[in-house]
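Everything on this sheet refers to the single structure shown next.
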Amino acid sequence: FHGLFLVKHFCSLGDDVYVLNRGNYKPDYDLKINHLIADRNNKGNLKKVLGNIKFDVVIDNNGYNPTQLNIILKLIHGRCSHYIFTSSIAVYLKPFSDHKLKENDKKKVQNEFYSPKVKNYALDKFYAEDALHKNSFNLKYTILRLPDVFGENDFLGKLLFFYYRFKDGGKILLEKEVERFNLIYVKDLVRIFDKVVQNEACYGKAINIADPNAYTYDMFFSKIYGSLYSKGKLFLIPARKMEELKYFPLFPWGPEVDTSLSERLLGKINFTPLDRWGPKTLKWELENLKDKTSDIEYKKTRERELELIKSIKRL
């Protein structure tokens, strides 16, 4: 969802903005955009739609595997000044760590335990990054590794899920080993992208991008949900146990990452405090995602969580 914020930001600067997608969604894009409709997995279709357009910057927000990257790289090399690949801290394949993970820690952890729900996605991103490093067609490129992104217009309803768990008196089932984690607010992320675009200091680098203020579960829930939350509403179990029970958190919370490289390359960034963006995002979700509570999968997840907590307590 942060792509919509990026589009609006660069349009507001007067840039000539192109958006390429399959045309399945009709978001409130600025009327000044150039809308290219194509399936990126279909090389012929993509080649035809891109034509001979030259780009100063290409921001690839939905490249998930090496095949997709190789297709786009072959088509834009020689007519793109800077390619930015949106990756994920999932490439570290660790839900938690005993230290802040630096960018070069990626190569050391590919055989580590990781949630089966996320592992395929994480491995695809892992190898997509490798494909870019090895075969960039001499493109100037930057890899941005993001944690979970929060903010208004997030249609996944992550904060809404916890809100109704607290409201119905249930507990939240979480991985015990996750002590601290990073997040980022969507509007802060947009400002970072703006600093990365055509920034020579970022060329050829993979960079952790996150609010450097790491959080605990308690900090996260108390700052967003206030009096609705209490520590007693968290139910922590070992990650391996959670895997055995075939229950997976709504999203991976960790690991904690080291953001010193981004601070060195991009300068100081004033990140929006969690107690400002958290309640505001929850308010947006409550007002705009009311139908989410009747979604079958959404309800199943809540019911499954409640059942598991009851069964674990009996054990």
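Within region 43-107, count lysine pairs with alpha carbon atoms under 28 angstrom apart where the residues are 8 or more positions apart or belong to different chains.
10
At a 1.4 Å probe radius, carbon and sulfur cover how many percent of the accessible area of the chain? Kindly include the intermediate steps, with their values, before the conclusion.
Working: 7590 of 15730 Å².
Ligands and nucleic acids excluded, carbon and sulfur reach 48 percent.
If you restrict to DSSP beta bridges whose two residues both lie in the chain, what percentage is antiparallel, to the nearest 5? Don't skip to the answer; put the middle values down first.
Working: 1 of 28 bridges.
The answer is about 5 percent antiparallel.
Using modelled backbone amide H atoms (1.01 Å from N, in-plane), which distant-in-sequence or interchain residues come within less than 5 Å of Leu20's amide H?
Leu36
Would you mind counting up the charge near Arg40? Only other residues with Cβ under 13 Å from its Cβ, with Lys and Arg at +1 and Asp and Glu at -1. Can you show the working numbers first?
Values: positive: Arg22, Lys43, Lys47, Lys48, Lys74; negative: Asp39, Asp60.
Counting the neighbours of Arg40, the net charge comes to +3.
How big is the dipole moment of the chain about its Cα centre under a simple scheme where the beta carbon of each Lys and Arg is +1, that of each Asp and Glu is -1, and everything else is neutral? Debye, nearest 20, please.
Numbers: 53 positive and 40 negative charges, 102 e Å.
Dipole magnitude for the chain comes out near 500 debye.
Under the Karplus relation 6.51 cos²θ - 1.76 cosθ + 1.60, θ = phi - 60°, what is the ordered set of whole-Hz ³J(HN,Hα) values for region 168-181, x standing for Gly and Pro?
8, x, x, 9, 9, 8, 9, 6, 5, 6, 6, 9, 9, 8
For the chain, what's the relative contact order in percent, using C-alpha pairs closer than 8 Å and at least 6 residues apart?
Numbers: 462 pairs, mean separation 61.8, N = 315.
Relative contact order, the chain: 20 percent.
With label points built 7 Å along Cα→Cβ from the Cα atoms of Gln198 and His99, find their separation and express it in nm.
3.9 nm
Might you report the magnitude of the Cβ-based charge dipole of region 187-246 about its Cα centre, with Lys and Arg at +1 and Asp and Glu at -1, to the nearest 20 debye? Don't jump to the answer; show the numbers that get you there.
Numbers: 10 positive and 7 negative charges, 48 e Å.
Magnitude of the dipole: close to 220 debye.
Rounded to the nearest whole Å², what accessible area per residue is found for the chain with the 1.4 Å probe? Walk me through the numbers on the way to the answer.
On the way: 15730 Å² over 315 residues.
I get 50 Å² per residue for this part.
Assigning unit charges at the beta carbon (Lys, Arg +1; Asp, Glu -1) and nothing else, what dipole magnitude in debye, to the nearest 20, does region 93-204 show about its Cα centre? Intermediate results must be reported in sequence, preceding the final value.
On the way: 21 positive and 17 negative charges, 25 e Å.
It comes to approximately 120 debye.
Looking at region 55-154, which GluC sites (Glu not before Pro) are in a loop (DSSP not H, G, I, E or B) and have at most 14 other Cβ atoms within 10 Å? Could you put the intermediate results ahead of the total?
Numbers: sites: Glu103, Glu112, Glu129, Glu152; in loops: Glu112, Glu152.
For GluC sites (Glu not before Pro) across region 55-154 that sit outside H, G, I, E and B with at most 14 neighbouring Cβ atoms in 10 Å, the list reads Glu112.
The values are calculated or read from the model by the stated rules, or taken from the named source; none is laboratory data. Predicted, not measured: the structure shown is a model, and the values here were computed from it. Because the Cβ atoms are built from the backbone with ideal geometry, glycine has one as well, and the counts that use them run over all protein chains shown. SASA here: full protein model, heavy atoms, side chains in, ligands and nucleic acids out. Shrake-Rupley method; radii C 1.70, N 1.55, O 1.52, S 1.80 Å.
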